[in-house]
1. Looking at the P(r) of the stretch 266-387, how many percent of alpha-carbon pairs lie beyond 23 Å?
2. Taking only protein heavy atoms into account and a 1.4 Å probe, give the accessible area per residue of the chain in Å².
3. Can you list, bin by bin at 10 Å, the percent of alpha carbon pairs in the stretch 97-151, starting at 0?
4. When the solvent-accessible surface of protein heavy atoms is calculated with a 1.4 angstrom probe, in what order do V179, V150 fall, highest first?
5. How big is the stretch 284-323 on each of its three principal axes, counting only the C-alpha atoms and giving the largest first in Å?
6. When the helices in the chain are scored as -39500 (n - 2.57) per DSSP H run of 4 or longer and the sum is shared across all residues, what 222 nm value do you end up with, to the nearest 500 deg cm²/dmol?
7. Sorting K125, K243, K203, K180 by accessible area (1.4 Å probe), largest first, what list results?
8. Taking the chain on its own, what percent of its Cα-Cα pair distances exceed 29 Å?
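The values are calculated or read from the model by the stated rules, or taken from the named source; none is laboratory data. All of these numbers come straight from a predicted model, not from anything done at the bench. Quick reminder, even Gly has a Cβ in these numbers, built from the backbone with ideal geometry, and neighbours come from all protein chains shown. All accessible areas refer to the heavy atoms of the entire protein, side chains included, with ligands and DNA or RNA removed. Shrake-Rupley method; radii C 1.70, N 1.55, O 1.52, S 1.80 Å.
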Amino acid sequence: MHTQTKFRLLVVRLGAMGDILHALPAVTALRQMHPGWIIDWVVEPRWKALLAAEGSRAEHPPSAGALVDLAQNSAQNSPSLNSWTEARPSRPVNLARPVVDRLHAAATRDWRDRPFSSQTIHEIKNLRRTLRDGDYDTVVDLQGALRSAVLGKMSGCRRLVGEMNPRESPARWLFTERVKTAGEHVIEQDVELAAAVAGDDLKPVAPWLPVDAAAEAWVDNILPAAGAARAVLMNPGAGWGAKRWPAERYATVARGLMERGLRVMVNAGPGEEGLAERIVESSGGATALSCTLEQLIALTRRVRLAIAGDTGPLHLACALSRPVVGIYGPTDPRRNGPYGTRFRVLRSPESRRDHTRHESPEAGLMTIAPEDVLRATDELLTGENAE
């Protein structure tokens, strides 16, 4: 079913960072299984650097042996979360080929802010024309939102595959095929949707991420290979306040890590520069970095360990098979937690799943102490040395 060499697939997953990284294992599995397919992707412009496209090359996935090790390590950390498995391609795979052939930029956030402007109308018309020119055989909606389903319809494709119970229920009425997913983790759910495209037996695989030469050169200057074994990357920001562990606690962890001889770098996302600087000042030795997305990928690829809440940079570290300590509060790590790498998740039994965007840190999150994070870090580093 739908296995012809020039089969044309359109993936719709607009954002955000973590969600795109959750979708990438499914699309990478399709690319490995069907290397001759044309696979295009509709995405918000700000996240294009997460996807292999023109001017970049895909990072080669780990070897089969490394994938087995990841599976064993993940099982030790959390039996409920599986890890990457090796894809079984139907023909030899060209590893130099990127995951995505072409990216379609859809600035839906900007369109929402200026819905009736001439620029918005012009951009939507151009996107519609470009999508229709793609002559797609299938569209798979990995977002499950009304806006993503509408974009899928704009392509003119007669086959639109989506989830039976999408994130926004009205979206399901635009799908021509509805897939009932059983996976607990969102990565597993996305793989089930991708498997429905051609009836494949797909499993989550390590995603291929782009390698940017300029970003790699930038990291060479701030983190030479000789120092990477001592580098820990912190990401204190979060999508909303309820998920944000306090800056002073990150600073305490940073001091403890530096006492252990590690170098601590604090990622400052857009608008988070002040937060990162507070940690740097209180820690007495950490370094704040404001990176482009390309630079963050390159930097994360080299660090020894990452510490963060339920954020895009945490999921980026997982995608790059870096060990992570996840500090969780109102979001459920069984659905959105670390996947495919060695990890420790800290979450209070008092925490309940709640995506309400409160500004103050969730009560359960506040029961996690810096000593808990340092203990989890020690366990990961000790386990690494024992392997």
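1. Working: 2495 of 7381 pairs.
Distances greater than 23 Å cover 34 percent of the Cα pairs.
2. On the way: 16310 Å² over 387 residues.
In whole numbers, the chain has 42 Å² accessible per residue.
3. Each 10 Å bin holds this share of Cα pairs: 19, 50, 27, 3.
4. Working: V179 25, V150 65 Å².
If we order V179, V150 from most to least accessible, we get V150, V179.
5. So the three principal-axis extents are 29, 19, 18 Å.
6. Numbers: 13 runs with 148 residues, N = 387.
The helix-only estimate for the chain comes to -11500 deg cm²/dmol at 222 nm.
7. K180, K125, K203, K243
8. On the way: 31515 of 74691 pairs.
Distances greater than 29 Å cover 42 percent of the Cα pairs.
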